[in-house]
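A short write-up of the structure that comes next.
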Amino acid sequence: MAKENLVMEIKDFSFTYAGAEKPSLKKINLPIEENKITAMIGPSGCGKSTLLRAMNRIHDLYPGNKYEGKINLYKADGSKQNILDIKKENDFIKLRQEVGMIFQKPTPFPMSIFDNVAYGLRLSGIKNRSELEGRVEKALKGAAILDETKDRLKESALGMSGGQQQRLCIARAVALKPRVLLFDEPTSALDPFSTGAIEELIAELKEEVSVVIVTHNMQQASRLSDYTAFMYLGDLAEYDKTEKIFLNPTQKLTEDYITGRFG
Amino acid sequence: MMGGKLFRNFSFFSATLSFFLLVGIFAILFTYAQESMHEFGFDFLFNGTWEADEDDEGGIFGGFIPIIGTLLSTIIAMVIATPLAMGIAIFLTEIASEAIAKPVSIAIELLAAIPSIIYGMWGLFYFAPIVQSTVGGNGVGLLTAGIVLAIMIIPFMAAITRDSMNTTPLVLKESAYAMGATKFEVIKDVIMPYSKGGIIGSIILALGRALGETMAVAFLIGSVMSIPRNITDPTTSIPVLLANNFAEAQDLEMSSMYYLALILFVVSFFIITIAKFYFLGRKVK
Ligand SMILES: Nc1ncnc2c1ncn2[C@@H]1O[C@H](COP(=O)(O)OP(=O)(O)OP(=O)(O)O)[C@@H](O)[C@H]1O
Ligand SMILES: [Mg+2]
């Protein structure tokens, strides 16, 4: 695995929640390939969300967590940054614009559809109306939701269906042109039809961004991802190409999990 | 099952009773105010004289001064209290660590529970001299009453605002941070809009409370029938005038006081209704 194809690289990363006695993640080593989809699977409580949330340092909203190791982010210009070194608010903002996040439940802001998508752009300093309009339209198109929304951009985003809201949230993240998008069980609150639409969308997104997705749905992981990481009790039990993990895993544990013998 | 039925009947009875009480109070105020309403009509609102005849039988009574006094003291209180209460609520929900927010929250709830007469006494003996020495005046007057009123309603307003800010879902805040928002932007763009209903509701309820406050203001506003020319001047307010004059008043003066009470009742009723049903009752998605 050549370095130049990585967008992120997690090295010996351990994480302990504030007040917890045992670490939730133990010495994780995981590469994130550029323009690929990496799935994280594993039983509930194994640390998938914890790892994902370390990758944009959203953990740091809450004080007292302890971590060590490195999480390198490779920039477009080839330079690398250990995001665990970030201390200044400005650098956090830059990080979060480069590494976007989509949550399990859709989280539209209490504002119009347009303003939702323009939100991050405005934060990043874009004020020019026509530039905003252009980028919002492009993002909505990119998230395959333009047709449904173009006549109601001024309406509140809270009036959309759950599936539409989730695609709006993806559009909102895509608008910032991030290098990485983190998805934490993005379809587990949605019906099968909306789930299909989101999966299709994520598959298209990898042209532009690198994707990390946490999922409990084995079909979703195998359909969608190029690489799969299987986590177990705070360890990275196995990581490989998705085909390999699903057809011929090295570990007994992995096999038991994907065949549904526990979980 | 018996218990359930009993309870249902009981709650039905209580609910109906409170409705009849409301209507009953309105009817009584309205009836007793009739004499004054016939005599003075709407001019009552703009007439600043409040004088009984020698024989105590009649006189000229106008509500202008207490109405103005009520409005001004309330406005002063709201202007001071609103930004401070918002600041406290934001501090408690978003800025302070748990170790600080907990005790401060408890203190605020306790402050909100202190009987208003204690605020009045504290204001008169401790606070009025401070106002006098810093801004001048007699100590008691509009400004002192307004500030102490503000201090009284701040805890109440801050507590409701904090509660409604706390209903902002964590993931919603997190997703704003995940877009690169700063704490200030999250407060302004997510928390405030999300809890707008509760915030406006708390402001209106506090307004209702300030309008009707009697004891604290009675100590502090000066209780004189004169139009304030200056912010530190003493004047009076509707509840204070009612409390002070009820014992001796007769006939037309008594009826005029019912007229004033009716005005206060109607205004407070509208304010509380708007706050309760429009803002606090509305569910935000
Ligand atoms: N805020 C927290 N404070 C303390 N411990 C936590 C916290 N959040 C999670 N944990 C613990 O960390 C471990 C990993 O949790 P995490 O949420 O990452 O699991 P997960 O793999 O995402 O599970 P799920 O599939 O249920 O979402 C669990 O043992 C959990 O109890
Ligand atoms: Mg999780």
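Given the structure, is A:THR259 open to solvent by 40 Å² or more (accessible area, probe 1.4 Å) and out of contact with any Leu (no Cβ under 7 Å at 6 or more places or on another chain)? Here the answer is yes, as A:THR259 does meet what is asked.
Would you confirm whether or not the range A:163-175 contains a residue that is open to solvent by 10 Å² or more (accessible area, probe 1.4 Å), in a loop (DSSP other than H, G, I, E, B) and either away from ligand 1 (no atom under 16 Å from the Cβ) or modelled with pLDDT of 95 or more (or both)? No, the conditions are met nowhere in the range A:163-175. Of the residues making up the range B:201-225, those that are open to solvent by 50 Å² or more (accessible area, probe 1.4 Å) and over 14 Å from the mean Cα position of the chain (by Cα) are B:PHE219, B:VAL224, B:MET225.
Yes/no per residue for (1) within 24 Å of B:LYS183 (Cα to Cα); (2) within 13 Å of ligand 2 (Cβ to nearest atom):
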{"position": "A:ILE41", "(1), (2)": "no, yes"}
{"position": "A:ILE58", "(1), (2)": "yes, yes"}
{"position": "A:LYS70", "(1), (2)": "no, no"}
{"position": "A:ALA76", "(1), (2)": "no, no"}
{"position": "A:LEU84", "(1), (2)": "yes, no"}
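Residues that are away from chain B (no Cβ under 14 Å), more than 8 Å from ligand 1 (Cβ to nearest atom) and either within 13 Å of A:VAL212 (Cα to Cα) or buried (at least 22 other Cβ atoms within 10 Å of the Cβ) (or both) are absent from the range A:44-51.
Please state which of the following conditions A:ILE58 fails to meet, knowing it meets all the rest: (1) surrounded by fewer than 17 Cβ atoms within 10 Å (Cβ to Cβ); (2) within 14 Å of ligand 1 (Cβ to nearest atom). Condition (1) is where A:ILE58 drops out.
In the range B:182-200, the residue that is nearest to A:ARG53 (Cα to Cα) out of those that are facing chain A (nearest Cβ under 7 Å) and surrounded by fewer than 23 Cβ atoms within 10 Å (Cβ to Cβ) is B:THR182.
When A:ILE102, A:ILE86 are checked against the criterion of being touching a Phe, Trp or Tyr at 6+ places or on another chain (Cβ under 8 Å), within 14 Å of another protein chain (Cβ to nearest Cβ), open to solvent by less than 30 Å² (accessible area, probe 1.4 Å) and free of Cβ contacts under 8 Å to residues at least 40 places away in the same chain, A:ILE86 stands alone in meeting it. Report, by residue number, each residue of the range A:135-157 that is in a helix (DSSP H, G or I) and open to solvent by less than 40 Å² (accessible area, probe 1.4 Å). Once the filter is applied, which keeps residues that are in a helix (DSSP H, G or I) and open to solvent by less than 40 Å² (accessible area, probe 1.4 Å), the range A:135-157 yields A:VAL136, A:ALA139, A:LEU140, A:GLY142, A:LEU146, A:THR149, A:ALA157. Residues of the range A:105-120 that are open to solvent by less than 10 Å² (accessible area, probe 1.4 Å), more than 19 Å from the chain's Cα centre (by Cα) and within 14 Å of chain B (Cβ to nearest Cβ): A:ALA118 alone.
The values are calculated or read from the model by the stated rules, or taken from the named source; none is laboratory data. Keep in mind it's a predicted model, so treat the numbers as computed, not measured. Here Cβ is always computed from backbone atoms with ideal geometry, including for glycine, and neighbour counts include all displayed protein chains. Heavy atoms of the whole protein, side chains included, go into the accessibility calculation; ligands, DNA and RNA do not. Shrake-Rupley method; radii C 1.70, N 1.55, O 1.52, S 1.80 Å.
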